[in-house]
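Novice: Just dropping this structure here.
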């Protein structure tokens, strides 16, 4: 979840306690830039490439220096990518121990995850936010970091005491684990070695082979197309799709697991790799239907290989006109780490274009622009990009297709958004009408976090009245508006928008894990009215939709600005047999009330049952 500093985080952490179920060469400069001899010349100063011939101590020093800069830099502008060429790094006697902070990507450059082998650990720990860095230790704001495409052997970790007990990945939203092969120990999604309260909240795993996983305090999590040796603990909703070894969900909601044997539509995220001749390539995985398990079990992930020479490699400061000319010439687009100010739309018009961001590359709207627009064409892939609202309101932050255009979608080659994140506020005030607008058919949204900020840097509220000022100045009406048909979302995380957080108007849509927090900051009930209805549902399926399926959904309420506010329903859907919700819930986080789970069904999530979810296993109720 998202949380404001100080007491608000501590209060939230106490609430969450109620629901607990129990490389080798320095390649960076002081500013984090890598000397050119250690990276391809065109990947930018914030990309560092390690080679297995480098001393472990120097790789360790480089990564430690970046972690020290980034561990608390939640709203900063620095972005980093650390890439490992094929080979082995670290030994049992000298393991490589990587800690991952904000806006940091750690990735292997192999064609397969097993091509890059790390003896050691890659971890994310709690942040301690009180008492001079010793108290209120949580992972609730551990956002914006990426780990992918390598194998990790953690029994060579060389750590003593509690830290030797597991590999820790204590995170919340906008964090992904992809294409990992982890062996020799366990994986914990909470950091139980740091002084409490130790809470974590939300994440995503795909295309990975993992040891036994301890879910711990994680409220919601999606694991897709993977293999796991086991899974322990559950809090509110843990969802599995196409996962070998996933737990049975027959006892829902005790425990609250949702398990699909296969994933209806999936496509793995594109990844950079170095071939046998040392050339940089981008592997673009093919879409799969009704799939299960990892994509690399039988060798190279099915798909196509695109030479890096076919990409325009952009850096912050490049003119949008230059980027658009390169796209029009048929180039793909690689965004090197950094923040890009976008005063006119980057337009992707050609089928099959790949837009790949490294190191959480960020597009910021300027002057009310729509930073990224995708035409009604098949096979476009956008991956690893964050889109920020600017001070002047944008109609949308990312738009896929024209609402009234000609749709040339191809179900075998869906336009795909992978690890694409949105922010309205946080580093600065932001304003948008819609964050993500999807008008095309056959689009796949594979892990997104759409966030209207509930906290941010000093001056974020532009006023003296705290949340009341934020409600007026940091504005976002709708997080995701889905107008296209046959759209699938695997991992749809949206929070704090001021009307419907998600509006799904297209037919034959599917969502696999939906997580939502309603806004914290409506000043009065009058500010939170949908006509004569009290509040806006967290998930709205349009009245004309005849076929829609949701697996594993949660809507949470914490009206801290005015605890008397009510929201009538967490979910609103048309009453028709083709619209079905499986395993949905609402929960109260100590302020406000959701009167019903869906369409008047389900008890109130109010302050008499703080932290205790209200579940509806199936809707329509059977």
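Novice: With the structure loaded, tell me whether residue 587 is surrounded by fewer than 17 Cβ atoms within 10 Å (Cβ to Cβ) and not assigned by TED's automatic domain parsing to the domain that holds residue 241 or whether it fails that test.
Specialist: No.
Novice: Can residue 151 be described as in the same structural domain as residue 226 (by TED's automatic domain parsing) and modelled with pLDDT under 95?
Specialist: Spelling it out, it is not the case that residue 151 is in the same structural domain as residue 226 (by TED's automatic domain parsing) and modelled with pLDDT under 95.
Novice: Just to be sure before I move on: is residue 415 modelled with pLDDT of 95 or more and surrounded by 24 or more Cβ atoms within 10 Å (Cβ to Cβ) in the structure I sent?
Specialist: When the stated conditions are applied, residue 415 passes them.
Conditions (1) surrounded by fewer than 15 Cβ atoms within 10 Å (Cβ to Cβ); (2) farther than 18 Å from residue 447 by Cβ; (3) modelled with pLDDT under 95, marked per residue:
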{"position": "269", "(1), (2), (3)": "no, no, no"}
{"position": "273", "(1), (2), (3)": "no, yes, no"}
{"position": "276", "(1), (2), (3)": "yes, yes, yes"}
{"position": "282", "(1), (2), (3)": "no, yes, no"}
{"position": "290", "(1), (2), (3)": "yes, yes, no"}
{"position": "295", "(1), (2), (3)": "no, no, no"}
{"position": "299", "(1), (2), (3)": "yes, yes, yes"}
{"position": "307", "(1), (2), (3)": "yes, yes, no"}
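Novice: Here is a list of conditions, (1) closer than 30 Å to residue 386 by Cα; (2) surrounded by fewer than 23 Cβ atoms within 10 Å (Cβ to Cβ), and residue 212 meets all of them except one; can you say which number that is?
Specialist: (1)
Novice: Condition first: crowded, with 21+ Cβ neighbours inside 10 Å and closer than 22 Å to residue 222 by Cα. Now tell me which residues in the stretch 599-613 satisfy that. Steps first, answer last, please.
Specialist: Within the stretch 599-613, the subset crowded, with 21+ Cβ neighbours inside 10 Å is 602, 605, 613.
613, the sole residue that qualifies.
Novice: For residues in the stretch 144-192 being buried (at least 22 other Cβ atoms within 10 Å of the Cβ) and over 30 Å from residue 445 (Cβ atoms), which is nearest to the chain's Cα centre (by Cα)?
Specialist: Within the stretch 144-192, the match that is nearest to the chain's Cα centre (by Cα) is 166.
Novice: Exactly one condition in (1) at pLDDT 85 or above; (2) crowded, with 18+ Cβ neighbours inside 10 Å is not met by residue 91; state its number.
Specialist: Tallying (1) at pLDDT 85 or above; (2) crowded, with 18+ Cβ neighbours inside 10 Å, residue 91 fails exactly one: (2).
Novice: Consider residue 402 against the criteria (1) within 22 Å of the chain's Cα centre (by Cα); (2) within 16 Å of residue 485 (Cβ to Cβ); (3) surrounded by fewer than 20 Cβ atoms within 10 Å (Cβ to Cβ): it satisfies all of them except one. Which criterion is unmet?
Specialist: So the condition that residue 402 fails would be (1).
Novice: For residue 538, work out the one condition from (1) on the phi > 0 side of the Ramachandran plot; (2) surrounded by 24 or more Cβ atoms within 10 Å (Cβ to Cβ) it doesn't fulfil.
Specialist: All conditions are met except number (1).
Novice: Answer yes or no as to whether residue 245 is closer than 26 Å to residue 489 by Cα, modelled with pLDDT of 95 or more and more than 21 Å from the chain's Cα centre (by Cα).
Specialist: Yes: the conditions hold for residue 245.
The values are calculated or read from the model by the stated rules, or taken from the named source; none is laboratory data. Fair warning: this is a prediction, and the values are worked out from it, not measured in the lab. Note: ideal-geometry Cβ built from the backbone for every residue, glycine included; neighbour counts use all protein chains shown.
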